[in-house]
Amino acid sequence: MSEINSILDMLVPQNEQEMEFMPIVPLGEDEMDETERASLPADLPIIVLRNTVLFPNVVLPITVARDKSVKAIAEAQKTNKWVGVIAQKDSANDDPSPDDIYKVGTLAKVVKQIKMPDGNITLFIMGRMRFHTDEFLQTDPYFKARITYLEDVYPKKDPSFDALISSIKDYGEKIAQQSQNIPSEAGIVLRNIEQQSFLMHFIASNITAKLQEKQAMLEEDNVVTRAEKLLNLLQAELQLVELKNEITNKTRADIDKQQREYFLQQQMKSIKEELGADPNDREIKDLQKRAEGMKWTEAAKELFKKNIEKLERMHSSTPDYSVIYNHLDLMLDLPWETYTEDSYDLKKAQKVLDNDHYGMEKIKDRILEYLAVLKLKGDLKSPILCFVGPPGIGKTSLGKSIASAVSRKYVRLSLGGLHDESELRGHRKTYIGAMPGRIIQSLRKVKSSNPVFILDEVDKLGRDFRGDPSSALLEILDPEQNNSFYDNYLELEYDLSKVLFIATANSLADIQPALRDRMEIIQLSGYSPEEKIEIAKRHLIPKQKEMHGLSKTPLKFSDKVILKMIQEYTRESGVRELDRIVAAMMRSIAKQVAMEEVVPQQVTEARVEECLGKPKFNNDIYTKGHPPGVVVGLAWTSVGGDILFIETSLSKGKGGLTLTGNLGNVMKESASAALSYLRAHAEDLKIDPARFDETNIHTHVPEGAVPKDGPSAGITMLTSLASAFTGRKVKPYLAMTGEITLRGQVLPVGGIKEKILAAKRAGIKDIIMCRQNEKDVDEISDQYLKGLRFHYVDTAAEVLEMALMKR
């Protein structure tokens, strides 16, 4: 034993921090004699090893970290330094129980013990004799077991056993010579080992066999059977070493410093080829099978074939493999030449559109016209429609109704804030994280090449250094070009001509002119109070009742109550705010129901004020009489029509004109033109011309935080100035809109329907406008005009005659 210790002292570094690994030390001793065996203990402290089997007469370095093993070693050091070493079945188990440990282990002697800097203990233990565990006497604080020693069954002098041992030695030497992981000196050591059992155990300790296979050898009593098992393992080990060398030699010519990763991949590929199994084959065959029924263009077929060939030459762990695979997967997922069948039942389509949306006759007629032509002709390029109107009137939801009416799939793409044209056209595959554009992604999702495609908020596209998405839309929304839309990721042309694109916008002014030219613009106006009442009764109230759990609660809203909610609590062209007001009513009623209070069926005006508070808006401000110089005008905004006041105040001075209220240049010029006309016709209005030079004029348009511009306030500015200078008040319940020239001509303006709706909401009864706008009024349904009187004029003199009261 002193000889062993001296050898170990040479193997262990003097500086423990320099230790990188602990080799398995080949040392052998003679078999135990009867005296030694008689002195062996019957009860042993047990240490459990992971992934390692200790064979008799082999010295093994192990690192002990588990508390139970440390305490077992401490107990062994106190007595006779004998310890039992057993392998555990599952290496991942940090706290094995007796059931998790094999029954057969090896009696070992602690030869040397080293305490490492990290607190762990490294031991050199020498296996001496096999044993079987009969029972565990204790499991805490360390394992202790009662054991029975096992005797090896040696054959009588047998030449075949000698030949078996010789073969084992030869295989061991060959592996030592060819393996790059075993030092060449190991072959010399093998040749010098004479004891047959130690030779077997030394080789078994050093081969890369599985733990279960090594444990099976240890448990075998018959030495011949144990040797046969070892020979089988050596044959498999030698084949693996030879194959590794063959692969290494095969790929050595392709290696340089930058190709290390490629070399490892080629090694793995070669191994799989030798084994006759390639996991890529299944994926590639699956792609080819899915491609069999695809209706592709020739270019798509060629690209698919080329990419499949690339995949077959690649290993699945290469970065390009996933890029090409994802591209092929996209090609297979796209609905090439796959269309849903349109419904040509025009009456059914009319019914669906009427049920979902009240009013909007112009859009409904346009959709029915499209269906009619499609029914007669059988094939028609889809129109590119653009719904323009204030928010909250149902532009986006109308698209869903159109899809339902024509039996097509529905997809929506929100363009608000989109600033990168790659979002629409896709990124090139070379970029990390590249994806197809949103157009192609949406078609992939709906599995149809002719859906109703809503491009929401097309007027709110971003535009900066990253790109101009509105320019990318030029190709998508051009019926002459979109049959060959090119996506940068797909790298193929895709036919979008059968897609029914519907864009929505609040303002045409913010849409690029070239893009606007490609779309069929359909203007949508706000709703009249009568329409809002119908929408509330048909859609909003039933929807909110269901959302608030009041489906079974009988509630009645009269037209008068709904009109009160519309006029006194909302100021909008659409119905979003009205929807929120109805929801607030339902919450209040739901609270009463939940508290088991009595809920009247009829909702009264008093109940509305109780739930919603005092009215937020009052029309009296627009209808009551005002001092001279104050006039009500009609304006158009992106959110619908609106009412504005124009006020003029006079003071002594030098004839200066001051304009306030955040006015734009066009509006300021309208005020200057109106003042010039008034100066020129002062005598007709019985105004002393000298007053203009000695009077300062201040014209203000309230709500100064809101920018205002446009020519339609021209006659309103003139009336305000004339009223101030003449001292004649403007008639109550009167509003006006129209552009003025220096010659006193009144010119037509736009946004007539929105302005009329705003006037009606405000309780205006008389409206003055240009005679040329009469045709715009004639196109409006009578229900919008009920209760309004229109006065059409050609000159500014007519405006003043109608608007100003007598002194």
| remark: Computed, not fitted: 222 nm per-residue ellipticity of the chain from DSSP H runs ≥ 4 (each -39500 (n - 2.57)), nearest 500, equal to -12500 deg cm²/dmol
| query | Considering the values (i) 37.5; (ii) 36.6; (iii) 27.6, which represents Kirkwood radius over Cα pairs in Å as calculated for the structure under consideration? | reply | (ii)
| Entries of Lys381/Lys532; Lys614/Lys755; Lys447/Lys753; Lys156/Lys244 with Cα pairs more than 31 Å apart | Lys381/Lys532; Lys447/Lys753; Lys156/Lys244
| said: Students often get this wrong, so check it: of Lys174/Lys229; Lys351/Lys552; Lys306/Lys445; Lys364/Lys395, which have C-alpha atoms separated by over 21 Å? | reply: Lys351/Lys552; Lys306/Lys445
| request: Would you mind checking which residues have amide H under 5 Å from Gly462's amide H? H placed 1.01 Å from N; only 5 or more apart, or other chain. | output: Gly417, Leu418, His419
| message | Please report the antiparallel percentage of DSSP beta bridges with both residues in region 648-807, rounded to the nearest 5. | response | 40
| field | region 437-542: translational diffusion in µm²/s, Stokes-Einstein, Kirkwood Rh over Cα pairs, 4 °C, 1.567 mPa s | value | 81
| note | Taking 586-596, 521-531, 352-362 and ranking on average Cβ neighbours within 10 Å, highest first, one gets 521-531, 352-362, 586-596
| said: Going by amide H atoms built from the backbone, whose H comes under 5 Å of the H on Val111, apart from near neighbours? | reply: Phe124, Ile125, Met126
| said: With the cut-off at 1.5 for a/c, could you classify region 192-244 from its C-alpha gyration tensor as rounded, prolate or oblate? | reply: oblate
| task | Working with all protein chains in place, sort Lys429, Lys244, Lys377 by solvent-accessible area computed with a 1.4 Å probe, largest first. | result | Lys377, Lys244, Lys429
| query | At a 1.4 Å probe radius, carbon and sulfur cover how many percent of the accessible area of region 428-467? | reply | 54
| task | Specify whether the C-alpha gyration tensor of region 79-140 places it in the rounded, prolate or oblate class, a ≥ b ≥ c being the square roots of the eigenvalues: rounded for a/c under 1.5, otherwise prolate if a/b is larger than b/c and oblate if not. | result | oblate
| note | Descending packing, highest mean Cβ count within 10 Å first, for 53-66, 430-443 is 53-66, 430-443
| field | Residue (of Ser525, Asn696, Ser551) at the positive-pole extreme of the chain, dipole from beta-carbon charges | value | Asn696
| field | Long-range amide H partners of Phe645 with built H, under 5 Å | value | Gly633
| request: Classify region 514-656 as rounded, prolate or oblate from the Cα gyration tensor: take a ≥ b ≥ c as the square roots of its eigenvalues, call it rounded if a/c is under 1.5, otherwise prolate when a/b beats b/c and oblate if not. | output: oblate
| remark: Kirkwood Rh over alpha-carbon pairs of region 692-750 plugged into Stokes-Einstein at 20 °C, 1.002 mPa s gives a D in µm²/s of 162
| message | Keeping all protein chains in the complex and leaving out DNA, RNA and ligands, what accessible area do you get for Trp336 with a 1.4 Å probe, in Å² to the nearest 10? | response | 20
| said: Can you work out the Karplus-derived ³J(HN,Hα) for every residue in region 414-423? Use 6.51 cos²θ - 1.76 cosθ + 1.60 with θ = phi - 60°, whole Hz, and x for glycine or proline. | reply: 7, 9, x, x, 5, 10, 10, 5, 5, 4
| query | How do 92-99, 643-650 rank on mean C-beta neighbours within 10 Å, highest first? | reply | 643-650, 92-99
| message | On a 25 Å Cα-Cα criterion, which of the cross-link pairs Lys400/Lys786; Lys686/Lys729; Lys362/Lys616 come out too long? | response | Lys400/Lys786; Lys362/Lys616
| field | Rounded to 5, percent antiparallel among DSSP beta bridges of region 523-666 | value | 80
| said: Given an 8 Å cut-off on Cα distances and at least 6 residues of separation, report the relative contact order of the chain as a percent. | reply: 7
| remark: antiparallel share of DSSP beta bridges within the chain, to nearest 5, in %, is 60
| field | Alpha-carbon centroid distance for the pair region 590-609 / region 439-460, whole angstrom | value | 44
| task | Round to the nearest 10 and report in Å² the accessible area of Met547, as given by a 1.4 Å probe over the protein chains' heavy atoms. | result | 130
| request: Can you spot the lysines whose alpha carbon is less than 22 Å from Lys144's alpha carbon? Ignore those fewer than 8 places along the same chain. | output: Lys68, Lys71, Lys78, Lys81, Lys89, Lys103, Lys109, Lys112
| note | Along region 641-656, Karplus-curve 3J(HN,Hα) (6.51, -1.76, 1.60; θ = phi - 60°) to the nearest Hz, with x for Gly and Pro, reads x, 8, 9, 9, 9, 10, 10, 10, 10, 10, 8, 5, x, 10, x, x
| Sorted by accessible area (1.4 Å probe), largest first, how do Met294, Met126 line up? | Met294, Met126
| note | Over the Cα atoms of region 573-686 the radius of gyration and the largest Cα-Cα distance (Dmax), both in Å, equal 23.5, 74
| said: Can you tell me the length gained on complete extension of the stretch Val598 to Lys806, counting 0.36 nm per residue apart and subtracting the Cα distance? | reply: 69.2 nm
| field | ³J(HN,Hα), Karplus 6.51/-1.76/1.60, whole Hz, each residue of region 689-696, x for Gly, Pro | value | x, 5, 5, 5, 8, 10, 10, 7
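The values are calculated or read from the model by the stated rules, or taken from the named source; none is laboratory data. Every value quoted in this text rests on a predicted model; they were computed, and no experiment measured them. Cβ sites come from the backbone with ideal geometry, for glycine too, and all protein chains shown count toward neighbours. Calculation scope for accessible area: heavy atoms of the full protein, side chains included, ligands and nucleic acids excluded. Shrake-Rupley method; radii C 1.70, N 1.55, O 1.52, S 1.80 Å.
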